[in-house]
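Below is one structure, written out as C-alpha cells, with a few remarks after it.
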C-alpha cells in the first residue's frame with residue numbers, strides 16, 4: 001500500500017513545490033495542454049478510489065476479525 005501511495009503522490013503532483021525533490025524539476029517540463037495530462041489525472045483519480053476501497057475493505061475485515069475474536 002505504501003508503494004501505491006507513493007505512486008499516487010507522484011501522479012497527483014503532490015511534491016512539485018518541494019525544490020529538494022526531483023518532481024519539482026520534472027514538473028516544469030510537463031505541457032498542461034498535452035492530451036496525456038487529462039488521462040493521467042483520470043487514472044490518478046481511479047487509483048485513489050481503488051486505494052480508498054481497499055483500505056475500507058481492510059478496515060471492515062479487521063473489524064470483523066475483532067468481533068469474532070471477542071465472541
Check: How many residues does the stretch 44-71 hold that are surrounded by 10 or more Cβ atoms within 10 Å (Cβ to Cβ) and over 17 Å from residue 1 (Cα atoms)?
Finding: 4
Checklist line | Neighbours by Cβ (under 9 Å, 6+ apart or cross-chain): first from the stretch 12-34, on the phi > 0 side of the Ramachandran plot; second modelled with pLDDT of 90 or more | finding: 13/44
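The values are calculated or read from the model by the stated rules, or taken from the named source; none is laboratory data. Nothing here was measured: the structure is a model prediction, and the numbers come from that model. We place every Cβ from the backbone using ideal geometry, glycine too, and count neighbours over all the protein chains shown.
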